[in-house]
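Read through the structure below, which is laid out as structure tokens, and then see the notes.
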Amino acid sequence: MQQVYMDHAATTPLDERVLEAMLPYLKEHFGNASSVHARGRKARFAVEASRERIAGLIGAEPGEIVFTSGGTEADNLALKGVLQQRQQQQGARGHLITSAAEHEAVLRPAEALSDAGWPVTILDPGPHGAVTPHQVTEAFRPDTVLVSLMHANNETGVLTPIEEIAAVCRKHDVLLHCDAVQTAGLLPLNVNDLGVDLLSMSGHKFYGPKGIGALYVRGGVDLDPLVEGGSQERKRRGGTENVAAVVGCAEALALAVDEAAARAERIRCLQRRLTHGLQDRLGNAMQLNTPLDDAPVAPHIVNLSFPPHEEQPMDGEMLLLNLDMQGVHASAGSACTSGALEPSHVLSALGLPRATASAAARFSLGKDTTEEEVDYVIETLETVVQRMRR
Ligand code: PLP
């Protein structure tokens, strides 16, 4: 049976070239980057060269890159780090603005800050999950310190107009954090063009290793560390550096940026093929949660859901299991929340009724996805849905 991996928004396979770059640092170059001897210096050099590489790829300075364990930690560090630091500096808790369609990695720290007394505004996203510059402007208060909005929504793929939101933030002297976990290495990302002050990335989303990510922190923006106990990362993240993963993250991003235009164009064609193919075969039986064609959307995500048929709701988990049995590996949206029976918080925030939001499937394409695989998914989904409806 054919096996089709359609879950690249959850994670991507490690690129062979990345593995090759990492291997020496898992073997002979095993030194601790904080040691003063030659092995330590070798490791330190690799970490700093990787930092420089990543910084160069996004228009940043090396000192503006903080390595983290991934996107979740980068998001947590951005929100808690900035707001806690400001409170220490100014003695008052600053206001945070974010959106109900953010990843849990932003929503949970926002909730924790709110529980601890920080004022937090959660904006309602518009169709497909993006908020507008106008909404952000309306939400500003005199004590607003930080806005946190994602570049591409990990469930629907919709893009937030970050450049425009950055302009209004700058005008109000408010910092902007962008979770770019879904777009790093796929869409052009230059922190100066975007106008962001903080930006999160995660290695395993662009064919790098898991357990490594980076937070870009614009020079002059102070952060409280989440993890203390070492002076690594300029005291912004304690702990011995994962040298091999750092090297792999830089190599993966360099390869991805180098190949980004070609990858994105190919994937966008496949996204069209998939959405149009599914619409032709399934028509009104399904609802597309990813905007079509020329809408501002990341090229790799197609999200759809199934409204109840003759008042019978579709069992979303069963749908994914049936697809899995046919070799199609998709997800219900955020991998971190699938497995739980709760409907996706993103689709719920978009106003989908509970039964429809619970019966969703996200197909996410990758650099090696083929037309044949897309056609197999279209055919398989049609068969599975027809069978389930009988
Ligand atoms: N932010 C977004 C938008 C994501 O899609 C993800 C992962 O799915 C994360 C953050 C978390 O990243 P990580 O898995 O590296 O912790």
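It is to be established whether one or more residues within the stretch 348-355 are more than 18 Å from ILE301 (Cβ to Cβ) and loosely packed, with under 14 Cβ neighbours inside 10 Å.
yes
List pairs: first residue in the stretch 16-27 and among the β-branched types (Val, Ile, Thr), second residue surrounded by fewer than 14 Cβ atoms within 10 Å (Cβ to Cβ) anywhere in the structure, Cβ distance under 7 angstrom, at least six positions apart or on different chains.
Sorted first by the residue in the stretch 16-27, then by its partner, the list stays empty.
I need every pair where a residue in the stretch 134-147 that is touching a residue at least 24 places away in the same chain (Cβ under 8 Å) has its Cβ under 7 Å from the Cβ of a residue that is among the polar types (S, T, N, Q), sequence separation at least 6 or different chains.
Close Cβ pairs (under 7 Å, with a partner that is among the polar types (S, T, N, Q)) amount to ALA139/THR121.
Consider the stretch 1-48. How many of its residues are away from the ligand (no atom under 16 Å from the Cβ) and in contact with a strand residue (DSSP E or B) (Cβ under 9 Å, 6 or more places away or on another chain)?
Looking only at the stretch 1-48, we keep the residues that are away from the ligand (no atom under 16 Å from the Cβ), and these are 1-4, 15-17, 19-48.
Those still in the list that are in contact with a strand residue (DSSP E or B) (Cβ under 9 Å, 6 or more places away or on another chain) too: 2-4, 47.
Residues flagged as away from the ligand (no atom under 16 Å from the Cβ) and in contact with a strand residue (DSSP E or B) (Cβ under 9 Å, 6 or more places away or on another chain) within the stretch 1-48 amount to 4.
Here are THR137, THR144: which of them is more than 15 Å from the ligand (Cβ to nearest atom), of a type in the set (Ser, Thr, Tyr) and in contact with a His (Cβ under 6 Å, 6 or more places away or on another chain)?
On the way: THR137 fails: in contact with a His (Cβ under 6 Å, 6 or more places away or on another chain).
After ruling out the rest, the residue left standing is THR144.
In the stretch 10-38, which residues are acidic (Asp, Glu) and crowded, with 19+ Cβ neighbours inside 10 Å? Talk me through it step by step, then tell me what you get.
Taking the stretch 10-38 as the starting set, the residues that turn out to be acidic (Asp, Glu) are 15-16, 20, 28.
Result: ASP15, single match.
For the stretch 119-126, indicate whether the set of residues that are closer than 30 Å to SER231 by Cβ and of a type in the set (Asp, Glu) is non-empty.
In the first step, residues of the stretch 119-126 are kept if they are closer than 30 Å to SER231 by Cβ; the result is none.
Among the residues of the stretch 119-126, not one is closer than 30 Å to SER231 by Cβ and of a type in the set (Asp, Glu), which makes the answer no.
Any idea which residue in the stretch 71-105 is farthest from VAL346 (Cα to Cα), counting only those that are surrounded by fewer than 24 Cβ atoms within 10 Å (Cβ to Cβ) and near the ligand (Cβ under 9 Å from one of its atoms)?
This residue is GLU73.
Can you pull out every residue in the stretch 294-334 that is closer than 21 Å to ALA184 by Cα and surrounded by fewer than 15 Cβ atoms within 10 Å (Cβ to Cβ)?
Correct list: ASP294, ALA295, PRO296.
Kindly establish whether MET1 is buried (at least 16 other Cβ atoms within 10 Å of the Cβ) and of a type in the set (A, V, I, L, M, F, W, C). Can you show your working first?
On the way: buried (at least 16 other Cβ atoms within 10 Å of the Cβ): no; of a type in the set (A, V, I, L, M, F, W, C): yes.
Answer is no for this residue.
Can ARG41 be described as more than 24 Å from the chain's Cα centre (by Cα) and either assigned to a helix (DSSP H, G or I) or surrounded by 22 or more Cβ atoms within 10 Å (Cβ to Cβ) (or both)?
yes
I'd like to check something: does the stretch 189-201 contain any residue that is closer than 30 Å to LEU319 by Cα and either buried (at least 18 other Cβ atoms within 10 Å of the Cβ) or touching a residue at least 60 places away in the same chain (Cβ under 8 Å) (or both)?
Residues of the stretch 189-201 that are closer than 30 Å to LEU319 by Cα, as a first pass: none.
Within the stretch 189-201, none of the residues are closer than 30 Å to LEU319 by Cα and either buried (at least 18 other Cβ atoms within 10 Å of the Cβ) or touching a residue at least 60 places away in the same chain (Cβ under 8 Å) (or both).
Only the coordinates and a few stated rules stand behind these numbers; no lab work does. Just so you know, these numbers come straight off a predicted model, no measurement behind them. Please note: Cβ atoms are built from the backbone with ideal geometry, for glycine as well, and neighbour counts cover all protein chains shown.
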